[in-house]
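Q: A single structure is presented below for examination.
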Amino acid sequence: MYINLLSLGRIPYAEALAIQQRVIAARKAGEIGDTLLLLEHPPVLTLGRNAKRDNVLATDEFLQAKGVELHEVNRGGDVTYHGPGQLVGYPIVDLRGDFPGKKGPHLGPVDFVRMLEEVLIRVCGEYRVMAQRICGRTGVWTLANGSVAEKKLAAIGVHVSQGVTSHGFALNVTTDLRDYQWIVPCGIADREVTSLELESPVEPLPSFEEVLNATARNFGRIFHRQMIFAESLEQVLAAPAAGVL
């Protein structure tokens with residue numbers, strides 16, 4: 001079994017959303033296998049199904065002047081920020097597949113999120129950043145250190161339709177964290193965000209491309225799949241559907 005891997009570079013949110021929709025449709029139709037899209041976005045805010053507009057602190061006029069788009073989407077969670085230096089992953093996966101830990105006919109959405117967290121925890125570990133889950137707060141966090149509380153390294157928000165996942169995760173690599181001042185990240189006001197760049201003691205600091213490759217590698221390990229790199233969206237959509245549901 002395999003997962004198609006497509007790296008899209010830095011693309012606008014709306015363009016990535018359109019690509020997701022094409023891949024989702026093909027996956028639901030059984031025309032392609034599971035696929036992981038890895039990319040960056042220009043600065044953008046997204047509001048999940050549970051979002052409160054009050055958690056966007058910046059005014060519409062400010063965001064417009066900065067060229068920052070705001071999108072309401074069907075993923076879980078509250079408001080989040082995407083921007084340069086943040087690795088975004090959109091796994092389009094049929095949960096009825098053969099996955100480790102699956103109980104019953106399909107992998108549960110919560111179990112899927114736990115696996116995404118594990119992928120990112122292991123990525124952080126490769127750069128000597130100890131990371132963890134926090135009960136009731138989806139995502140990946142640093143460990144508390146004395147009087148310093150946990151900080152959020154990665155946000156996760158997914159959507160499942162007809163057993164197929166969309167949206168996914170966002171890992172701060174070299175993100176400009178000042179942009180988070182525009183929002184209450186994920187509706188959590190009592191914790192800060194951070195990045196691998198700030199937390200990792202590794203020198204030289206990992207490049208974005210290295211972290212992307214580490215994420216793809218660990219995704220394959222956690223989901224027990226071979227990662228097959230694709231050169232283009234067309235190559236993904238034309239890939240043989242052997243072994244898919």
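Q: So if I restrict to the alpha-carbon atoms in the range 43-112, what is the Rg, and what is Dmax, the biggest pairwise distance, in Å?
A: Cα radius of gyration and Dmax of the range 43-112 are 16.4, 50 Å respectively.
Q: On to the next question. Give me Rg over Rh for the range 1-86, both radii from the alpha carbons and Rh done the Kirkwood way, two decimal places.
A: Values: Rg = 14.9 Å, Rh = 14.4 Å.
Radius of gyration over Kirkwood radius for the range 1-86 works out to 1.03.
Q: In addition: Rounded to a whole number, what % of the accessible area of the chain do carbon and sulfur atoms account for, probe 1.4 Å?
A: Here it works out to 51 percent.
Q: Counting pairs of Cα atoms in the range 34-84, how many percent are more than 19 Å apart?
A: 31
Q: Mind grabbing the base-10 log of I(q)/I(0) for the range 130-234 at q = 0.16, 0.22 Å⁻¹? Debye formula, identical points on the C-alpha positions, no solvent, two decimal places.
A: Debye output, listed in q order: -0.90, -1.41.
Q: Going 7 Å from the Cα of residue 96 along its beta-carbon direction, which residues of the range 148-192 have the amide nitrogen within less than 14 Å of the resulting point?
A: The answer is 161-165.
Q: A follow-up question, please. Accessible area per residue, 1.4 Å probe, Å², for the range 131-178: what's the number?
A: Per residue, the range 131-178 has an accessible area of 41 Å².
Q: Compute the convex hull volume of the Cα atoms of the range 97-182, divide it by the residue count, and report the result per residue in Å³ as a whole number.
A: Normalising the Cα hull of the range 97-182 by residue number yields 134 Å³.
Q: Taking R0 as 22 Å, what FRET efficiency do you get between residue 237 and residue 50 from their Cβ-Cβ distance, rounded to the nearest 0.05?
A: The computed FRET efficiency comes out at 0.10.
Q: Relative to the first principal axis of the alpha-carbon coordinates of the chain, what is the inclination of helix 208-223, with its axis defined by its Cα atoms, in degrees from 0 to 90 and to the nearest 10?
A: Helix 208-223 and the main axis of the chain meet at about 50 degrees.
Q: Quick one, what does Rg over Rh come out to for the chain if you take C-alpha atoms and the Kirkwood Rh?
A: Rounded to two decimals, Rg/Rh equals 0.95.
Q: Could you calculate the FRET efficiency of residue 57 with residue 143 from 1/(1 + (r/R0)^6), where r is the beta carbon distance between them and R0 is 45 Å, rounded to 0.05? Numbers along the way, then the final one.
A: On the way: r = 28 Å, r/R0 = 0.61.
Efficiency computed from Cβ-Cβ geometry: 0.95.
The values are calculated or read from the model by the stated rules, or taken from the named source; none is laboratory data. These numbers come from a predicted model, not from an experiment. Ideal geometry is used to build each Cβ from the backbone, glycine not excepted, and the neighbour counts take in all protein chains shown. All accessible areas refer to the heavy atoms of the entire protein, side chains included, with ligands and DNA or RNA removed. Shrake-Rupley method; radii C 1.70, N 1.55, O 1.52, S 1.80 Å.
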